[in-house]
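Just below is one structure, and these are the notes that go with it.
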Amino acid sequence: MLIASVFSGLSLSSLSVEIGLAILSIIVVRCVYRIYWHPLAKFPGPAYAACFSLSSAIISVLKKEPQWIKYLAEKYGHDTPIRIQPNMLLFPQPSALKEIYWDPKCNTKSGLYGTGVLGPPHLFTTLSGDEHRELRKALGGPAWTIGSLKNNWEERFDYQVQLLVEKLNEKARTKESVVLSDKVAEFAADIMTMVSFTDPFGFVKNGRDERRILTNWREGLDFFGFVGRFKFFQTHIITLPGIAARLLPKITDETGMGWLMAEANKQVSQRESEMSKGKLQEKPDFLQHCLDARMNGEPLSPLQKRAHVTLLIQAGADTTGTALGSTLRFLVMSPEILKKAQKEIEAADAAGLLSTPVKFEEVRQHLPYFVACIKEGMRLNPPATNLFARVVGPEGKRFGEFFIPPGTEITSQSYVVQRHPKFYAPDPDAFRPERWLVSEKKANEMDAASFVFGMGPRVCIGKDIALMELYKLLPELIRRFQFDLVKAGEYVVAGGVAYNKDFIVKVNTRS
Ligand code: HEM
């Protein structure tokens, strides 16, 4: 009896050894193939990245991706494609941006976008370039460009700016410390809910993260980054029955994206019912825009309408919040630059050139140094610094001396491309707004090489909304308050998306 059980134990363990060896051999053969015979084998890059997409997924979860990519560019060169995944090349040079993102033959997005983590497919996650073009035609357009925003939205933005100013005045009176990075992210979240549904959710008014939308978003970023980068998980695990439902937000959730999906559902149904009774929206919001949109003459499907109503909040709340928080942090931590920015505002104020709160156009025309501060803040701390990869079409792609085989995923990344050592010489890592004011030619070149809002047919649809927030809120805050640093906190990148953690100040009003 004893002998039999020993033998069965042995055979069981030898079976597991055999299985283990078989798996190991497959992994070794795969690695050897990927390092030596794969069509991308000729490109430089670390062997662990060439072998496993899991390595870049882990680096993303460790929140070290920008630093890792910068290190790779320093090691392998800033002007050469670097292999950062078995099937992905990263281009760290500004000149590559146009090549990748304006090439109609590379307008299919990579698997990173198609994981389902951001809900049903929408403008941002539609992979096919042709489908995207139709959707973009239906949903983009002049409504979201600066001219229309000035006419239709600026007054409503003014009200939100004033509300935050009042709240900060209260903090100045009570001498409480303020997590300024959170306050400006709440401002941006209110703007997005206002643009989406007309009435903001009240982040600023109530001084809190309503329904934990921002917290929940940030908590989900590691998972978003992991699934987007780890191909095996993307194709074999999350697709298993029941797995996605367990891991992703649900409309029964009381907070976060799940709650937001339920709210979108409710608001779409409510608005459609009002429309059926002939009631028209006085000033159309994005929800109305989605309901009125037509693709080939047909309205969007019920699922598409709901997916797009939540899209702006996903894409535009914390991103703009990060741009606001980072620029403020750079200013507070650079006293000389801050002084120059304050002086510029004071001079414009004294000349009677600024309204209260400041208008977008006044900032654009009369505060060039401040505008340079905003551009510089986003250059160094881009809010969306993801691997925005595109798939090379069936003919492959010639890239200078290189031929990129069909099916390769090619990407740039804003954090590294916006710190290119030659392009931003001699101090690519320094916060120096003056670089934008040296000459019009150089400023235009830097604008053209900026990857903050993406590029090409998939460029950010909310760029002008974000700029309006930045141009209006930041000068108004610097004009009215002195912020004394309590804690600098940090710019955190999780899953390719950035947020600011714990930038804490004491607020004093300026006379
Ligand atoms: C500073 C703030 C922002 C940054 C840095 C940013 C960045 C980006 C980037 C890099 C892309 C392109 C991604 C790609 O190539 O796949 C993008 C797309 C997009 N953004 Fe933004 N964004 C910001 C604010 C906003 C705002 C305020 C909105 C909404 C009003 C918004 C809505 C979108 C949408 C809908 C897309 C997808 C566009 C398409 O694929 O056609 N973003 N954004």
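The values are calculated or read from the model by the stated rules, or taken from the named source; none is laboratory data. Not measured: the values here are computed from a predicted model. No Cβ is skipped: glycine too gets one built from the backbone with ideal geometry, and neighbour counts run over all protein chains shown. Just the protein is used for accessible areas: all its heavy atoms, side chains included, with ligands, DNA and RNA removed. Shrake-Rupley method; radii C 1.70, N 1.55, O 1.52, S 1.80 Å.
Observations
- Applying the set (1) open to solvent by 40 Å² or more (accessible area, probe 1.4 Å); (2) more than 16 Å from the ligand (Cβ to nearest atom) to ILE478 leaves exactly one unmet item: (1).
- Tally of residues being without any contact (Cβ under 8 Å) to a residue 24 or more places away in the chain and within 25 Å of ARG390 (Cα to Cα) across the stretch 139-158: 1
- Residues of the stretch 153-174 that are within 22 Å of PRO475 (Cβ to Cβ) and open to solvent by 30 Å² or more (accessible area, probe 1.4 Å): GLU155, ARG156, TYR159, GLN162, GLU166, LYS167, ASN169, GLU170, LYS171.
- The one condition from (1) within 16 Å of the ligand (Cβ to nearest atom); (2) touching a helix residue (DSSP H, G or I) at 6+ places or on another chain (Cβ under 8 Å) that SER414 does not meet is (2).
- ILE345 vs. criteria within 30 Å of LYS64 (Cα to Cα) and either touching a Pro at 6+ places or on another chain (Cβ under 8 Å) or more than 16 Å from the ligand (Cβ to nearest atom) (or both): no
- Annotation: GLY116 fulfils all but one of (1) in a helix (DSSP H, G or I); (2) farther than 23 Å from VAL392 by Cβ; the unmet one is (1).
- Hits in the stretch 129-138 (condition: more than 8 Å from the ligand (Cβ to nearest atom) and touching a residue at least 60 places away in the same chain (Cβ under 8 Å)): GLY129, ARG133, GLU134, LYS137, ALA138
- Subset of the stretch 101-128 that is open to solvent by less than 50 Å² (accessible area, probe 1.4 Å) and closer than 13 Å to LEU300 by Cβ - its residue that is nearest to the ligand (Cβ to nearest atom): LEU123
- Given (1) under 28 Å from ASP222 (Cα atoms); (2) open to solvent by less than 30 Å² (accessible area, probe 1.4 Å), index of the condition GLY489 fails: (2)
- Residue match in the stretch 459-470 (condition: within 16 Å of the ligand (Cβ to nearest atom), open to solvent by 30 Å² or more (accessible area, probe 1.4 Å) and among the basic types (Lys, Arg)): yes
The rows are residues; the columns are (1) open to solvent by less than 40 Å² (accessible area, probe 1.4 Å); (2) free of Cβ contacts under 8 Å to residues at least 40 places away in the same chain; (3) away from the ligand (no atom under 13 Å from the Cβ).
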site: ASP190; (1), (2), (3): yes, yes, no
site: THR193; (1), (2), (3): yes, no, no
site: ASP199; (1), (2), (3): no, yes, yes
site: ARG211; (1), (2), (3): no, no, yes
site: LEU214; (1), (2), (3): yes, no, yes
site: LEU221; (1), (2), (3): yes, no, yes
site: ARG229; (1), (2), (3): yes, no, yes
site: PHE233; (1), (2), (3): yes, no, yes
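- Figure legend. Inter-residue proximity from the stretch 379-403: first residues closer than 19 Å to LEU324 by Cβ, second residues away from the ligand (no atom under 13 Å from the Cβ) and of a type in the set (Lys, Arg), beta-carbon distance below 9 Å, spacing 6+ or different chains. Indicated pairs: ARG379/ARG419; ARG379/ARG435; LEU380/ARG419; ASN381/ARG329.
- Residue within the stretch 484-491 that is over 21 Å from PHE370 (Cβ atoms) and in contact with a Phe, Trp or Tyr (Cβ under 6 Å, 6 or more places away or on another chain) present: yes
- Out of LYS75, LYS98, sole residue that is part of a helix (DSSP H, G or I), within 16 Å of the ligand (Cβ to nearest atom), open to solvent by 80 Å² or more (accessible area, probe 1.4 Å) and charged (D, E, K, R): LYS98
- Of the helices (runs of 4 or more DSSP H) lying entirely inside the stretch 411-511, the ones with 2 or more residues being at pLDDT 95 or above and under 16 Å from ALA96 (Cα atoms) are found at 414-417, 440-448.
- Neighbours by Cβ (under 7 Å, 6+ apart or cross-chain): first from the stretch 327-342, touching a residue at least 24 places away in the same chain (Cβ under 8 Å); second of a type in the set (Gly, Ala, Ser) and open to solvent by less than 20 Å² (accessible area, probe 1.4 Å): THR327/GLY377; PHE330/GLY377; LEU331/ALA341
- Of the residues making up the stretch 157-168, one or more are in a helix (DSSP H, G or I) and either within 30 Å of GLU298 (Cα to Cα) or within 14 Å of the ligand (Cβ to nearest atom) (or both).
- Considering residues of the stretch 274-314 that are more than 16 Å from the ligand (Cβ to nearest atom) and of a type in the set (Asp, Glu) only, the residue most open to solvent (accessible area, probe 1.4 Å): GLU282
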